[in-house]
Amino acid sequence: MASIKDVAAAAGVSVATVSRVLNEHPSVSADARTRVLAAVEALGYRPNAVARSLRTDQTRTLGLVISDVMNPYFTELARSVEEEARALGYSVIIGNADERPDLQDHHVRTLLDRRIDGLLVSPTDGGSPLMLDAARAGTPMVFVDRWIPGVEVPVVRADGRRAVRDLVAHLYRLGHRRLAIISGPAATTTGSERVEAFRAALAEYGLDLPDAYTGQGDFQAESGRRVTEGFLDLPEPPEAVFAADNLMALGALDAIRARGLRVPDDIALAAFDDIRWFVHTDPPVTAIAQPTGELGRAAVRALVDRIEGRPGESVTLPARLVVRRSCGAPPAENPVTNRSES
């Protein structure tokens, strides 16, 4: 394997000149730069990333802390982050918080100790002092999907309010009036935002959201099952259940089937966060789809901008409703767009 000394000898320059070329120092002449780069290419020289980071104070590494690696949404998000980072010359180290604030902070602390260049986080709650301290210390950071109010860093997320309104309109046209929601944790921005969007959409149709039709989950399947069982035990169960997360929707589906009930004949079901599995369930599940790949790529670009001294911008992309058969057969005049009948 070629060394930096071999490159210097082949190019007829000093080792210091090779180092300056590799680190894009402006003091090197155009002729010397051309000869060094030609030697690097001819010899197949690859600089040692660790040694280079000591000279440049950069590791070309990003940290990504996601809320739950078992959630297909975050799996797809992590994949798009890694692909975009690689395209921009960065590697990614991933930490799985498993929806636990203590584990989230453990990963953040470990990544900062590893001298990453920047940090992408989907916070598990809104009260991490460590995240606030890191932002105040100038650590390049971007929140993706969720965010912490009061922490001044770019946020890359989807806005699902229009899609939630489309969902409620769809349910209303199908004749459903008793609508319930399985919300996420109130401590997360997505947990509180989705239930408020649902409540506001119901109000547009003169519908209330009684406390009995609101159950708080934790973005895990078991909580969706538990909350749905409570709904089904009510003297007047809801006609439709909206799960504010894909895993909670799967738990809800399990609870409905365990009672010998059928979707949508006995109760309608819809979810936030569309996943590939939903087209394979019986019936396929109506869901709100986020542009997950675009979110991951935009988050990386915003973070790299921050790392390289440019102002990283917040990005908000629209979510959309994907209508399938889990809420009932859509009427022919249904105006909901972006429909996918599977």
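With the charge dipole of the chain set up from +1 on Lys and Arg Cβ and -1 on Asp and Glu Cβ about the Cα centre, the Cα lying farthest toward the positive end among the listed residues 281, 307, 9 is that of 9.
Amide H contacts for residue 217 (H built 1.01 Å from N in the peptide plane; partners 5 or more residues away or on another chain; cut-off under 5 Å): 183, 184. Against the main long axis of the alpha-carbon atoms of the chain, helix 292-307 sits at an angle near 40°.
Here the Karplus curve 6.51 cos²θ - 1.76 cosθ + 1.60, taken at θ = phi - 60°, turns the phi angles of the range 83-92 into couplings of 5, 5, 4, 4, 5, 9, x, 10, 9, 10 Hz, with x standing for Gly and Pro. Taking the 1.4 Å solvent-accessible surface of the chain as the whole, the part contributed by carbon and sulfur is 49%. Couplings 3J(HN,Hα) of the range 244-253, computed from phi: 7, 5, 5, 5, 5, 5, 5, x, 4, 4 Hz, in residue order, whole Hz [Karplus 6.51 cos²θ - 1.76 cosθ + 1.60, θ = phi - 60°; x for Gly and Pro].
Remark: the chain carries a charge dipole of roughly 1060 debye about the Cα centre, counting +1 on each Lys and Arg Cβ and -1 on each Asp and Glu Cβ. In the elastic network of the chain, a GNM with C-alpha springs shorter than 10 Å, the most mobile of 136, 35, 310 is 35. The value for the range 65-142 of Rg(Cα) / (2.2 N^0.38 Å) is 1.06.
From helices alone, the chain scores -13000 deg cm²/dmol at 222 nm; the rule is -39500 (n - 2.57) for each run of n ≥ 4 DSSP H residues, then divide by the residue total.
Taken along its three principal axes, the alpha carbon spread of the chain comes to 85, 42, 34 Å, from the longest extent down to the shortest. Residue 61 sits with roughly 20 Å² accessible to a 1.4 Å probe, with DNA, RNA and ligands left out of the calculation. Among 111, 167, 207, the largest mean-square fluctuation in a Gaussian network model of the chain (Cα springs under 10 Å) belongs to 207.
The phi-based Karplus calculation (6.51 cos²θ - 1.76 cosθ + 1.60; θ = phi - 60°) puts the 3J(HN,Hα) values of the range 190-204 at 5, x, 6, 5, 5, 5, 5, 5, 5, 4, 5, 5, 4, 4, 4 Hz, whole numbers, x for Gly and Pro. Using equal-weight Cα scatterers in the Debye expression, the normalised intensity of the range 17-170 in log10 at q = 0.09, 0.15 Å⁻¹ is -0.41, -0.86.
Take the chain with all the other protein chains still there, run a 1.4 Å probe, and you get 46 Å² of accessible area per residue. Considering only beta bridges that DSSP places wholly inside the chain, some 10 percent are antiparallel.
Taking 170, 106, 280 as the candidate residues, the one with maximal mean-square fluctuation in a Gaussian network model of the chain, Cα springs under 10 Å, is 280.
For the range 193-342, rounded, prolate or oblate, judged on the Cα gyration tensor with a ≥ b ≥ c (square roots of eigenvalues), a/c < 1.5 rounded, else prolate if a/b > b/c? The shape class here is prolate. Put the Cα centre of the range 93-151 next to the Cα centre of the range 281-297 and the gap is 25 Å.
The values are calculated or read from the model by the stated rules, or taken from the named source; none is laboratory data. If you're wondering where the values come from, they're calculated on a predicted model, not measured in any experiment. Neighbour counts are summed over all protein chains in view; Cβ atoms, including those assigned to glycine, are modelled from backbone coordinates with ideal geometry. Surface areas here come from the heavy atoms of the whole protein model, side chains and all, with no ligands, DNA or RNA. Shrake-Rupley method; radii C 1.70, N 1.55, O 1.52, S 1.80 Å.
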